[in-house]
Amino acid sequence: MCSLEETQRLMNYFELDEDQEMLKDIIIDVLENQDKSYETNHAVAEVLAKVDRDLFVQINDTTGIIPTRKNKTLKLWLQIAGVAAVLALAYTGVYFFNNQSKKVAAVSPIAVHDVKPGDFGATLTLANGRKISLASASNGEIGRESGIIISKSGNGRLVYQIDEKVADPNASNTLSTARGETYQVRLPDGSVVYLNAASSLTYTTSLIENGKRIVKLIGEGYFEVSKDKQHPFVVKTNKQEVEVLGTHFNISSYADDEVEKTTLLEGSVKLSAAGSSKVLRPGQQAKLSGGKIQINETDTDLAVAWKNNEFVIESEHIETIMKMISRWYNVEVVYIGEKTTQRFSGKVSRFDKLSKVLEIVESTGEARFDVKGRTVYVSK
């Protein structure tokens, strides 16, 4: 913020005719090129629309007027400063991320104890108990089991291929990611599953159980299911079952989340939980809480942003944001004092270092962070 002396010097500078015109052009240009991403928040859009109209009226009213006394200049600047303050509050109070990441100070207290983002990696547990770290495993074939060839591709994907008649169709494999890891698997039927951090997927090597393709999910996964009308694809979590024939959907089923979310991108799925069932249509999200399923229209991009290596938040509390950070950066989160009730929205790359993500959140003034080792302390 400018001091009184700096503000007066700035006002004096714009007393000149040509400089006042330049000021007018700058303000109009800024308002006409506001980031359209802010329009996604209706409340903010209404505030900005009113502010824009008022500011344009003020600017247009000043056209052709050459201030002769400093008190007129001061009055004009106070009006503009007031509008700017409202704009700043509207932007800062809701949006803490910038689609074009802002530059931050060269030296930051948060950056002193920086943490690298997560990466591709997982552990495969075979039916015989053998564990394979996929991060360190070489590309190519990594195992054979019950007539199934298991290999690691160059793009960080685990691939299952049926080589002969499956000797033991009930042999079970588990693909698990730790905090700070993500991975993909192509199952024997051609279906592809993306696993988020701190998640696991368990399945038989044949994938078929009682005429159905069945997998068990803990954590979060995005599914691209190959069509097979004779063998429905079933995802089991601790709280529900999701049955499909061929579709794209996301399930978030972390043990420390109160709500289990299933989001459908294409096709159709049937959810069953606590004796009731619901059918989802594309663009809908089911929330399971307390044994009850609630279905709403949703922005599917939000649900699958993690698969596209982004954090995308829309009107979320600090606890939700810090859970995502904890899982991906493999850090512990400790809250000190009262938590902020502010809701945040925005987007940032998952491959940015922890310090950058926290600095952007902290720039809102709604939260403060202190990083010590792999622990993040959060305060207001």
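Since every read-out is calculated from the coordinates, none of them should be taken as a lab result. Remember, predicted model here, so these are calculated numbers, not experimental data. Don't worry about glycine lacking a Cβ; one is built from the backbone with ideal geometry, like all the others, and counts go over all protein chains shown.
Computed about its Cα centre, the charge dipole of the range 119-298 is approximately 260 debye, with only Lys, Arg, Asp and Glu carrying charge at their Cβ.
Just to confirm a number: summing +1 for Lys and Arg and -1 for Asp and Glu over residues other than T205 whose beta-carbon lies under 15 angstrom from that of T205, what do you get?
Details: positive: R130, R144, K165, R186, R213, K216; negative: E141, E145, D163, E164, D168, D189, E209.
Counting the neighbours of T205, the net charge comes to -1.
When you restrict to C-alpha pairs under 8 Å that are six or more residues apart and normalise by the size of the range 152-192, the relative contact order lands at 53 percent.
With neighbours defined as other Cβ atoms within 10 Å of a residue's Cβ, the residues S326, S277, S191 order from fewest to most as S277, S326, S191. Please state the relative contact order of the range 243-300 as a whole percent: Cα pairs under 8 Å, 6+ residues apart? Taking the mean separation of contacting Cα pairs over the length of the range 243-300, I get 28 percent. Around the Cα centre of the range 160-217, unit charges on the Cβ atoms of Lys, Arg, Asp and Glu (plus for the first two, minus for the last two) sum to a dipole of about 220 debye.
With Cβ to Cβ distances under 10 Å as the rule, what net charge do the other residues near I149 carry (K, R +1; D, E -1)? Walk me through the numbers on the way to the answer.
Numbers: positive: R144; negative: E141, E145, D163, E164.
After counting each charged neighbour, the total is -3.
For A135, the shell of other residues with beta-carbons less than 15 Å away shows a net charge of +3, using +1 for Lys and Arg and -1 for Asp and Glu. Cβ crowding within 10 Å, taken as a proxy for footprinting-reagent exposure, orders F369, F249, F233 from fewest neighbours to most as F369, F233, F249.
Using the number of other C-beta atoms within 10 angstrom as an exposure proxy, rank W306, W328 with the fewest first. Write down the numbers at each step before the final one.
Details: W306 22, W328 25.
Going from sparsest to densest Cβ surroundings: W306, W328.
The residue list I313, N330, T341 was ranked by how far each Cα lies along the charge dipole of the range 297-380 toward its positive end, using unit charges on Cβ atoms, and N330 comes out on top.
With charges only on Cβ, +1 for K and R and -1 for D and E, what is the dipole size of the range 253-364 about its Cα centre, in debye, rounded to 20? Please list the in-between numbers first.
Numbers: 15 positive and 17 negative charges, 75 e Å.
Computed about the Cα centre, the dipole is about 360 debye.
Under the criterion of Cα pairs below 8 Å and six or more residues apart, the relative contact order for the range 121-199 equals 28 percent.
Between the alpha-carbon centers of the range 185-252 and the range 129-179, tell me the distance in whole angstrom. If you average the Cα positions of each part, the centres end up 16 Å apart.
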